[in-house]
1. Show that you can apply the helix-only estimate: for chain A, add -39,500 (n - 2.57) for every DSSP H stretch of four or more residues, divide by all residues, and state [θ] at 222 nm to the nearest 500.
2. Work out the charge dipole of chain A with +1 on the Cβ of Lys and Arg and -1 on the Cβ of Asp and Glu about the Cα centre, then indicate which of A:Cys32, A:Leu9, A:Leu214 is farthest towards its positive end.
3. Shape call for segment A:152-239 from the C-alpha gyration tensor, a ≥ b ≥ c root eigenvalues: rounded (a/c under 1.5), prolate (a/b greater than b/c) or oblate?
4. Could you compute the FRET efficiency for B:Glu104 and A:Val162, with r as their C-beta to C-beta distance and R0 at 56 Å, rounded to 0.05?
5. Under 10 Å, Cα contacts only: if you run a Gaussian network model on chain A, which one of A:Ala136, A:Ala57, A:Ala197 comes out with the highest mean-square fluctuation?
6. Please determine, in degrees from 0 to 90 and to the nearest 10, the orientation of helix A:132-145 with respect to the longest principal axis defined by the Cα atoms of chain A, where the helix direction is its Cα long axis.
7. With a Förster radius of 30 Å, plug the Cβ-Cβ distance of A:Glu28 and A:Leu219 into 1/(1 + (r/R0)^6) and report the FRET value to the nearest 0.05.
8. Would you kindly work out the equivalent ellipsoid of segment B:81-123 from its C-alpha gyration tensor and give its semi-axes, the square roots of five times the eigenvalues, largest first in whole Å?
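Please treat every number below as a calculation from the coordinates, not as lab data. This structure is a prediction, so every number in the text was calculated from the model and none was measured. Positions of Cβ are generated from backbone atoms using ideal geometry, with glycine treated the same way; all protein chains shown enter the neighbour counts.
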Amino acid sequence: MNAIVVENLTKRFGRRTAVEALSFQVPEGSVCGFLGRNGAGKTTAIRMLMNLARPSAGRATLLGLDSRAHHTALMQRVGYVSESPVHYDGMKVRDLVRFTASFYRAWNAPRVGELLDRFAIDRDQKVRHLSRGSNAQLALALALGGDPELLILDEPATGLDVLVRRDFLEGIIQLIQREGRTVLFSSHLLHEVERVADQVVLIDHGRLIHSGSLEELKLSMGRSLEESFVEMVGERARL
Amino acid sequence: MRLNLSPASPIPMYLQIAEQVRRAIAAGTLRAGDELPSVRALASEHLINPNTVARAYLELEREGLLAKRRGSGTYVSSAAPTLGEAHRLAVVAELIDQALAAAEEFGLTRSQVRALIDQRLPALQEKSS
């Protein structure tokens, strides 16, 4: 069973093709690193998965449901942290948590409370006064609050300090311990993903370079992920 | 169990884990009947994917080094000490092979190599177990 099936997904902005005929699958129960250089099309692809951008062609199926036709049902089951989470920043943390919870039938309030405590986020603080790190941690706590079957993280901790990045890895590990949960985690920092990913999808210039098991990739290339990536991207650039 | 893992290495992490458990058994740090940390505990401790730990344990079960007990955890199997002995010899044999390859590359003679080993043997501390 696949948690994500992407078929021929394409996005054009005018004459520029940001994502071109992208196809890959992510098996249920895995942590998939979605990797590519800056500007490779990762965010555009993820925005199409989340129905925040309309594909020019192709489709994405999440948890067996079409990402556009079943968008509302999927909101309950898919957690998402974008690269720059936009919160209603005039709100206090406590109000934002309550507001977010109101969209979910099943909301894990104790879990969110635990995470806020661990991240030392003051519930009476206005969201706009939070540091970037706290803002990212808050976004993670809110994404986990809905007990998502699928968690999609778009460069969530890039540029943040090592402790915040660790919080994200811990969040991923804890979620994946539960039966059948799946995580898609995009980054241009390969080593960050390497620790927790068992699957990888590598893209460049909007196109798929490789997808499959990280371990099989290492065994077949006999190289680190970074070296394999450089070799595959370099090969393409010369074509 | 403290593992020393390099996620960025070309060697897949499940093989790194399996090799370190094998070595611990070979060295006698882990003995027959010892319980290993659960997949969940090891994954949380090292912030790695539980699937990776599970794959390493499965590999070691296939080799007969580990055994699962129903409803409890994963243990070092009772057959492990003899496998451990074979593994101990294999590890040292491989290191000797590497040294011999270097000797060949540098054009050393057999008697030179033998002399090098003989010089070092007295320093070997034999365990009285």
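1. Result for chain A: -10500 deg cm²/dmol, rounded to the nearest 500.
2. A:Leu9
3. Prolate, since a/c reaches 1.5 and a/b exceeds b/c.
4. For B:Glu104 and A:Val162, the calculated efficiency is 0.75.
5. A:Ala57
6. The angle comes out at about 90 degrees.
7. Details: r = 23 Å, r/R0 = 0.77.
After rounding, the FRET efficiency stands at 0.85.
8. 24, 14, 6
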